[in-house]
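**Student:** One structure follows; several queries about it will come next.
Laboratory data are not the source of any read-out in this text; all were calculated from the coordinates shown. Small disclaimer: the values here were computed from a predicted structure and weren't measured. FYI the Cβ positions are ideal-geometry reconstructions off the backbone, even for glycines, and counts take in every protein chain you see.
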Amino acid sequence: MNKPLSFKLLALALLALVLAFAVNQVKWKVQERQATRDGAVQAIADQYAREQQLAGPLLWVKCSEPRTLVETDEKGKIRQRTVIDNCSRAIRPSQLSGQGNLDVSERYRGIYKARVYLAGVKLHARMPGYRPKPGQTIEEAHLIFGVSDPRGLKRIKLTTASGEALNAKPGVPGGPFEQGFHVPLDPAQLEHGLTLDAELEIAGSGRMDLAPLAENNDFNLHSTWPHPSFAGQFLPETREISQSGFTARWRVNDFATGGDRTLTGSTNGWLSTSLGVSLVDPVDAYTQTDRAVRYGFLFVLLTLGGFFLFELLKSKPVHPLQYLLIGFAVVLFFLLLLALSEHTGFAVAYLIAAAACTLMIAGYGRTLIGNWKGSAVLGIGYGLLYFGLYQLLASEDYALLMGAWLIFGVLALTMYLTRRLDWGRAGLAMPISPTDRGQ
């Protein structure tokens, strides 16, 4: 390989490193802005209500049981003493059904928004009767409900099958729940069981979960939010999703949950066994922009390679600074995409940024190519390149396949255009600088 071509390739390699650093800086900026957005969303949730998990009802029975211990002292005498054991326990419902409706709205902090909801939940539970064993004494009995963020409780209405209203009190006196509310019961009522109806209004943000604590559970959730992401350990048995919202139904029993094991494994106030839905945004601007930036260095290489190929085939020298300016125009596209998408949405931001950078590169290319016809071809080529990237971003499941074929096509086109190029003499017509031309 001759020296001019070697020097030009070395210069392009150095420029590629500089532009790779610039792309990485844009990627860092995307992560920084995303962290700022997440902080704003968390601040809204801290003031409104966080993600919610509703669990219950459970029957919490606080009881004690005497036990006699037989001990031998140092002198060999046998003595007896009585200790009081704690036999408290949580009793799960035999049947639990529920219907929930999530009314979704948005709250703003600056340019950032968070999805919040007000959930209207109706529960119907059948509690089995409980009779203590001989010698056990029931000290207290409560119906307990777990709510991961009690600040979101707006309304509580509890009634028995006979229509008797029950008075709910804040906090939980015992059991597996860290936070929630409870209803004191007369221990004498436990023997015959209890049927309970509950109507609750719970505010939350981002996600709503229900805990399937009964032997048999049947839950229905409905919302006008059209983009649900079903969460927890169980997918819905049936679901309908449309632009007007979604409806989902879960039916879960002890065979699936493990019975009493559902009452263990609490982490930060959440039971490990739950089902529910997250209110996601399928076109998150930061996620989409981050995915676009991942292709940034590929765009840089295609740009440098394209102009280098033009320089070889047309024998028109392109100065390294011109390569650098064009490369920065490519990097600027991703920065514009980030800045615009925070205000206009991703699709509109992509269109504006792609059009602006395509026109800038095509206009600058006019001075290199020498005529508007070639400049128009350059602009069309870049437009197709941006269109291809958008298709990659829109088709996440097929992004790898489409990207592989795109690179294959570019490589095949390059091989075809350079099939008759004499690489040994290719750089002789490319002066490196005016100083080199004078030597």
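**Student:** Where nothing but the Cβ of Lys and Arg (+1) and of Asp and Glu (-1) is charged, how large is the charge dipole of region 263-397 around its Cα centre, in debye to the nearest 20?
**Tutor:** Dipole magnitude for region 263-397 comes out near 680 debye.
**Student:** I would also like to ask the following. Mind putting a number on the dipole of the chain about its Cα centre? Charges go on the C-beta only, +1 for Lys and Arg and -1 for Asp and Glu, and I need it in Debye to the nearest 20.
**Tutor:** With only Lys, Arg, Asp and Glu charged at Cβ, the dipole is about 1760 debye.
**Student:** Could you bin all the Cα-Cα distances of region 319-374 into 10 Å bins starting at 0 and give me the percent of pairs in each, rounded to whole numbers?
**Tutor:** 24, 43, 25, 8
**Student:** Obtain the nm distance between the two label points defined at E65 and I352 by a simple spin-label model: each point lies 7 Å from its Cα along the Cα-to-C-beta direction.
**Tutor:** In this crude label model, E65 to I352 measures out at 7.1 nm.
**Student:** Hey, another quick one. Tally Lys and Arg at +1 and Asp and Glu at -1 over the other residues with C-beta under 13 Å from the C-beta of A165: what net charge comes out?
**Tutor:** -2
**Student:** Here's something else I'd like to know. Going through the DSSP H helices of the chain, which span 30 Å or more along their own axis at the Cα atoms while scoring at least -1.0 as a mean Kyte-Doolittle hydropathy?
**Tutor:** 3-47, 320-344, 346-369, 372-394
**Student:** When the dipole is taken about the Cα centre of region 1-153, and only Lys, Arg (+1) and Asp, Glu (-1) are charged at their Cβ, what size is it in debye, to the nearest 20?
**Tutor:** Its charge dipole is roughly 460 debye.
**Student:** Say R0 is 22 Å: what FRET efficiency, to the nearest 0.05, do L417 and K316 get from their beta-carbon distance?
**Tutor:** After rounding to 0.05, the efficiency reads 0.90.
**Student:** Under 14 Å from the Cβ of L304, count the other residues' Cβ atoms, weight Lys and Arg +1, Asp and Glu -1, and hand me the total.
**Tutor:** 0
**Student:** In terms of modelled amide H atoms, which long-range or inter-chain residues lie less than 5 Å from the amide H of G180?
**Tutor:** Hits under the 5 Å cutoff: V147, G171, V172.
**Student:** Quick one: net charge of D73's neighbours, Cβ under 12 Å, K/R +1, D/E -1?
**Tutor:** With Lys, Arg at +1 and Asp, Glu at -1, the net is +2.
**Student:** So, in nm, how far is label V104 from label D38 when the simple model puts each one 7 Å beyond its Cα toward the Cβ?
**Tutor:** Between V104 and D38, the simple spin-label model gives 2.1 nm.
**Student:** Working out 0.36 nm times the residue gap between N371 and H192, then minus their Cα-Cα distance, what length gain in nm do you get to one decimal?
**Tutor:** Length gained between N371 and H192: 55.1 nm.
**Student:** A follow-up question, please. Got a sec? Charge dipole of the chain, +1 on Cβ for Lys and Arg, -1 for Asp and Glu; which of W28, L166, C63 is way out at the positive end?
**Tutor:** W28
**Student:** For region 97-105, what does the Karplus curve 6.51 cos²θ - 1.76 cosθ + 1.60, with θ = phi - 60°, yield as ³J(HN,Hα) per residue in whole Hz, taken in order and with x for Gly and Pro?
**Tutor:** 10, x, 10, x, 10, 9, 8, 8, 9
**Student:** Just check region 352-413 against the gyration tensor rule for me: Cα atoms, a ≥ b ≥ c as the square roots of the eigenvalues, rounded for a/c under 1.5, and otherwise prolate or oblate depending on whether a/b exceeds b/c.
**Tutor:** Cα axes put region 352-413 in the oblate bin.
**Student:** Sequence gap at least 6, Cα distance under 8 Å: using those rules, report the relative contact order of region 53-205 to the nearest whole percent.
**Tutor:** 29 percent
**Student:** So, one more: Which peptide among 66-77, 288-299 comes first, and what is the full order, when sorted by highest mean count of other Cβ atoms within 10 Å?
**Tutor:** Listed from highest to lowest mean packing, they are 288-299, 66-77.
**Student:** List C357, C87 from most exposed to least, where exposure is judged by having the fewest other Cβ atoms within 10 Å.
**Tutor:** Result, fewest neighbours first: C87, C357.
**Student:** Once you keep just the Cα pairs under 8 angstrom separated by 6 or more residues, what percentage relative contact order results for the chain?
**Tutor:** 17 percent
**Student:** Something else about it: If you stretched the chain out fully between S229 and E139, how much longer would it get, using 0.36 nm times the residue separation minus the C-alpha to C-alpha distance?
**Tutor:** The span from S229 to E139 would gain 28.0 nm if fully extended.
**Student:** Also, I was wondering about something else. Lysine pairs in region 51-282 with Cα distance under 15 Å, only those 8 or more apart or on different chains: how many are there?
**Tutor:** Qualifying lysine pairs in region 51-282: 5.
**Student:** Can you order the peptides 378-389, 52-63 by their average number of other Cβ atoms within 10 Å per residue, highest first?
**Tutor:** 52-63, 378-389
**Student:** Kindly rank 36-42, 123-129 from highest to lowest mean number of other beta carbons found within 10 Å of each residue.
**Tutor:** Ranking the peptides 36-42, 123-129 by packing returns 123-129, 36-42.
**Student:** A further question on this structure: Which of the three applies to region 51-282, rounded, prolate or oblate, going by the alpha-carbon gyration tensor with a ≥ b ≥ c and a/c under 1.5 meaning rounded?
**Tutor:** prolate
**Student:** In addition: Using the Karplus curve 6.51 cos²θ - 1.76 cosθ + 1.60 with θ = phi - 60°, work out ³J(HN,Hα) for each residue of region 178-187 in order, rounded to whole Hz, and write x for Gly and Pro.
**Tutor:** Each residue of region 178-187 in turn: 8, 9, x, 8, 9, 10, x, 10, 7, x Hz.
**Student:** I need the shape label for region 204-278. Rule: rounded when a/c is under 1.5, else prolate if a/b > b/c, else oblate, with a, b, c from the alpha carbon gyration tensor.
**Tutor:** Since a/c reaches 1.5 but b/c is at least a/b, the shape of region 204-278 is classed as oblate.
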